[in-house]
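The structure appears below as structure tokens.
The values are calculated or read from the model by the stated rules, or taken from the named source; none is laboratory data. All values derive from a computational prediction rather than experimental measurement. Every residue, glycine as well, gets a Cβ built from its backbone with ideal geometry; the counts of neighbours run over all protein chains shown.
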Amino acid sequence: MLVLAAFAVLAATAVAGAGTASATVLCKTTTTPCSSPYPAGTIIVPSLTGTNSLETLEGGTILTTCTQTVIKTKIEKSGSATSTVYGPNQELQAANCTAATTTLNKGALEIHHIAGTDNGTVTGLLAEVTVNTGIFGSCVYGTGTSVDIGTLIGGENPIIKVNGIVKKVSGLCPNEARWTGEYKITEPKPLYVEPS
């Protein structure tokens with residue numbers, strides 16, 4: 001549902017621990033250091049598999065579930081030996097939701113390499129959505145200035161597993177909610193998160 005990223009972009013696991021904020025690139029091969037990085041300007045397109053949901057931590061109420069999303073993130077900083085991957089979300093929309101969901105701020109994503117793997121922690125920045133719940137009325141949730149929302153699992157068929165906590169910005173809803181979902185990355189492929 002909520003695409004506080006790819007917000008989930010997108011984007012993205014049971015929040016697999018924060019990676020470092022440096023030495024990260026997106027790579028076409030699983031080589032260390034990466035010999036064939038994706039350049040700035042690359043578009044990441046995650047596609048929802050199944051459903052995603054926004055569930056309150058206080059009482060476990062499902063605020064909404066969605067079966068379609070549109071997420072596109074354009075890599076603005078492709079990473080290096082001293083920096084991480086960063087890109088603004090060009091598109092961030094949820095559709096076929098049980099409660100109407102509207103994007104207020106598309107936000108951006110950072111991806112941080114997880115040592116010893118081809119994976120990366122996905123961090124959402126400044127994304128906000130309104131959820132028109134039946135129980136609590138209209139509420140805004142967001143990633144704030146930075147929150148780990150999941151993990152990009154690199155491979156021939158990369159995926160982003162989202163499992164992160166978003167904060168209420170306004171409304172009568174509970175203060176925090178868990179955003180979960182799984183997204184297959186349709187572009188680019190293959191995709192590995194590697195140190196530079």
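Results, tabulated for the structure shown:
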{"item": "Of all residues making up the range 170-185, the number that are farther than 20 Å from Gly60 by Cβ and either of a type in the set (Lys, Arg) or surrounded by fewer than 16 Cβ atoms within 10 Å (Cβ to Cβ) (or both)", "result": "2"}
{"item": "Matching option when the condition is of a type in the set (A, V, I, L, M, F, W, C) and under 25 Å from Gly50 (Cα atoms), among Val85, Val129", "result": "Val129"}
{"item": "Any chance Lys189 is surrounded by fewer than 16 Cβ atoms within 10 Å (Cβ to Cβ) and either on the phi < 0 side of the Ramachandran plot or not aromatic (Phe, Trp, Tyr) (or both)", "result": "yes"}
{"item": "Pair list, Cβ under 7 Å, 6 or more apart: the range 164-192 residue among the aliphatic types (A, V, I, L, M), other residue buried (at least 16 other Cβ atoms within 10 Å of the Cβ) and part of a loop (DSSP other than H, G, I, E, B)", "result": "Val166/Leu4; Val166/Thr143; Leu172/Phe136; Ile185/Pro158; Leu191/Gly154; Leu191/Pro158"}
{"item": "Filter result for the condition that a residue is assigned to a strand (DSSP E or B), surrounded by fewer than 21 Cβ atoms within 10 Å (Cβ to Cβ) and touching a strand residue (DSSP E or B) at 6+ places or on another chain (Cβ under 6 Å), over Thr102, Thr69", "result": "Thr102"}
{"item": "Count of the range 48-84 residues which are aliphatic (A, V, I, L, M) and in contact with a Leu (Cβ under 9 Å, 6 or more places away or on another chain)", "result": "6"}
{"item": "Any hit, the range 141-150, residues being in a strand (DSSP E or B) and surrounded by fewer than 18 Cβ atoms within 10 Å (Cβ to Cβ)", "result": "no"}
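Residues checked against (1) over 19 Å from Gly155 (Cα atoms); (2) hydrophobic (A, V, I, L, M, F, W, C); (3) modelled with pLDDT of 95 or more:
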{"position": "Val9", "(1), (2), (3)": "no, yes, no"}
{"position": "Gly19", "(1), (2), (3)": "no, no, no"}
{"position": "Ser22", "(1), (2), (3)": "yes, no, no"}
{"position": "Val25", "(1), (2), (3)": "no, yes, yes"}
{"position": "Thr31", "(1), (2), (3)": "no, no, no"}
{"position": "Thr42", "(1), (2), (3)": "no, no, yes"}
{"position": "Leu54", "(1), (2), (3)": "yes, yes, no"}
{"position": "Ala94", "(1), (2), (3)": "yes, yes, no"}
{"position": "Thr101", "(1), (2), (3)": "yes, no, no"}
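Let's see how each residue does on (1) of a type outside the set (A, V, I, L, M); (2) closer than 19 Å to Ala177 by Cα; (3) in contact with a strand residue (DSSP E or B) (Cβ under 8 Å, 6 or more places away or on another chain); (4) at pLDDT below 95:
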{"site": "Pro88", "(1), (2), (3), (4)": "yes, no, yes, no"}
{"site": "Gly107", "(1), (2), (3), (4)": "yes, yes, yes, no"}
{"site": "Ile111", "(1), (2), (3), (4)": "no, no, yes, no"}
{"site": "Asn119", "(1), (2), (3), (4)": "yes, no, yes, no"}
{"site": "Leu125", "(1), (2), (3), (4)": "no, yes, yes, no"}
{"site": "Thr133", "(1), (2), (3), (4)": "yes, yes, yes, yes"}
{"site": "Leu152", "(1), (2), (3), (4)": "no, no, yes, no"}
{"site": "Glu156", "(1), (2), (3), (4)": "yes, no, no, no"}
{"site": "Ile159", "(1), (2), (3), (4)": "no, no, yes, no"}
